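Heads up: the structure comes next, in structure tokens.
Bear in mind these aren't lab numbers, they're just calculated from the coordinates by the rules spelled out. Predicted, not measured: the structure shown is a model, and the values here were computed from it. No Cβ is skipped: glycine too gets one built from the backbone with ideal geometry, and neighbour counts run over all protein chains shown.
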Amino acid sequence: MTARTQPQLLLARRFPAAARPAPELDRRSLLTAGATSASGLAVFLVIVLTGGTPTSLGHFAYVPIVIAAYRAGARGGVLAALAGALMLGPAMSLVDPRSDFGLPWLVRGVAFVGVGGIVGWLFDRGRSATVAWRAAAVRASEEHQGAMTALAAAAEAKDPTTGDHLYRCRDLAGALAAEAGLGPDAVADVAWSAMLHDIGKLWVPDQVLVKPGPLEAGEWELVRQHPLRGSEILEGAPSLETARRIARWHHENLDGTGYPDGLRGAAIPLEARIVRVVDAWDAMANDRPYRPAVELGRAMQELRDGAGAQFDPELVALFLAMVESGRLPLFGAAEWL
Ligand SMILES: [Fe+2]
């Protein structure tokens with residue numbers, strides 16, 4: 001999937017810097033920058049006026065101080081600074097036993113503690129902002145998934161004969177997407193979006209949807225419209241773009257004989273090809289009011305027979321490998337294995 005088609009939430013999760021505007025260079029920022037420069041100059045003057053730095057040893061202490069500040073925040077930075085300051089005096093006198101290090105040692109110690117505390121405080125602030133941002137992203141993601149589930153449940157409520165079909169489709173689609181090599185964000189996106197593949201059935205009259213006998217030609221035509229209707233319901237919501245693509249093209253066949261657009265091969269989005277396989281599998285794997293679940297070997301053979309015609313052969317191979325190795329989320333098919 002391209003970044004263009006990813007839901008915005010996932011984009012924000014992956015590229016946080018791109019999801020917020022660059023900070024403005026306002027008066028407050030300029031004052032802060034000026035004050036920082038002035039305080040740096042003041043520290044420099046204090047060091048010069050108190051005799052300067054007799055040796056360059058002290059500069060090395062900033063490395064562990066900054067590392068400690070990064071690892072343990074302000075407290076870690078200050079503790080490392082104090083330890084560095086305590087060791088600096090004896091170290092300086094080893095280098096040049098004739099010099100008087102009293103005042104430079106004190107000034108350098110204060111500088112250590114200041115740097116350790118400020119850098120650690122900045123790291124602490126960055127960390128707590130990251131934690132808050134992550135929590136907000138998780139909350140937004142959960143709300144998004146909750147809304148998708150509610151929407152999908154509305155569609156399934158019209159056809160209660162399918163049981164937990166949408167939840168099984170979610171887990172099977174996620175498993176197959178992961179097997180196909182998609183990353184964690186894309187897997188979650190495909191899995192949750194798969195729940196909405198039949199949302200267009202909201203438009204199909206109830207008497208057609210749950211009709212016990214064979215459908216008339218006109219009724220069948222209504223059912224065949226559900227991918228287009230689903231796409232119409234979901235369009236206009238950028239965060240549901242993957243779901244829209246699945247809803248529209250989950251009945252396309254690889255050889256171009258599917259509907260509604262007769263797409264062929266790779267022109268069918270990967271997420272729709274994934275749902276094509278798992279939707280067919282789940283329909284066979286579970287009892288329906290008008291027929292029992294298909295026997296395991298026959299269901300596997302149906303997928304093999306449809307590979308290259310209805311289904312993407314590579315996805316079928318991956319899916320069947322999961323079935324054979326027992327790595328598939330099972331649900332209604334649990335008694336088969
Ligand atoms: Fe469908």
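Quick notes on this structure:
- Under a 5 Å amide H cut-off, with hydrogens placed 1.01 Å from N, Arg288 pairs with Ala293 among residues at least 5 apart or on other chains.
- Couplings 3J(HN,Hα) of the range 165-175, computed from phi: 3, 5, 6, 5, 4, 4, 6, 5, 5, x, 5 Hz, in residue order, whole Hz [Karplus 6.51 cos²θ - 1.76 cosθ + 1.60, θ = phi - 60°; x for Gly and Pro].
- In angstrom, the C-alpha Rg and Dmax of the range 99-248 are 27.2, 104.
- Fewest neighbouring Cβ atoms within 10 Å first, the residues Ile233, Ile67 line up as Ile67, Ile233.
- Global size of the range 136-216 as Cα Rg and Dmax, reported in angstrom: 14.8, 50
- Couplings 3J(HN,Hα) for the range 107-119, derived from phi with the Karplus relation 6.51 cos²θ - 1.76 cosθ + 1.60 (θ = phi - 60°), are 4, 5, x, 5, 4, 4, 5, x, 5, x, x, 5, 5 Hz, where x marks Gly and Pro.
- Stretching Leu86 away from Ala147 to a fully extended chain increases their span by 16.1 nm, per 0.36 nm per residue minus the current alpha-carbon distance.
- Extending 7 Å from the Cα toward the beta-carbon at both Arg27 and Arg134 defines two label points whose distance is 3.9 nm.
- Backbone HN-Hα couplings from phi across the range 247-255 [Karplus 6.51/-1.76/1.60, Hz, Gly and Pro as x]: 4, 6, 10, 7, 10, 6, 9, 4, 8
- Ranked list, fewest to most other Cβ atoms within 10 Å of each Cβ, for Ile268, Ile246, Ile199, Ile118: Ile118, Ile268, Ile199, Ile246
- Computed over the range 158-336, the alpha-carbon pair-distance distribution with 5 angstrom bins reads 1, 9, 17, 21, 23, 17, 9, 3, 0, each value a whole percent.
- Going from the fewest other Cβ atoms within 10 Å to the most, the residues Lys158, Lys201, Lys211 appear in the order Lys211, Lys158, Lys201.
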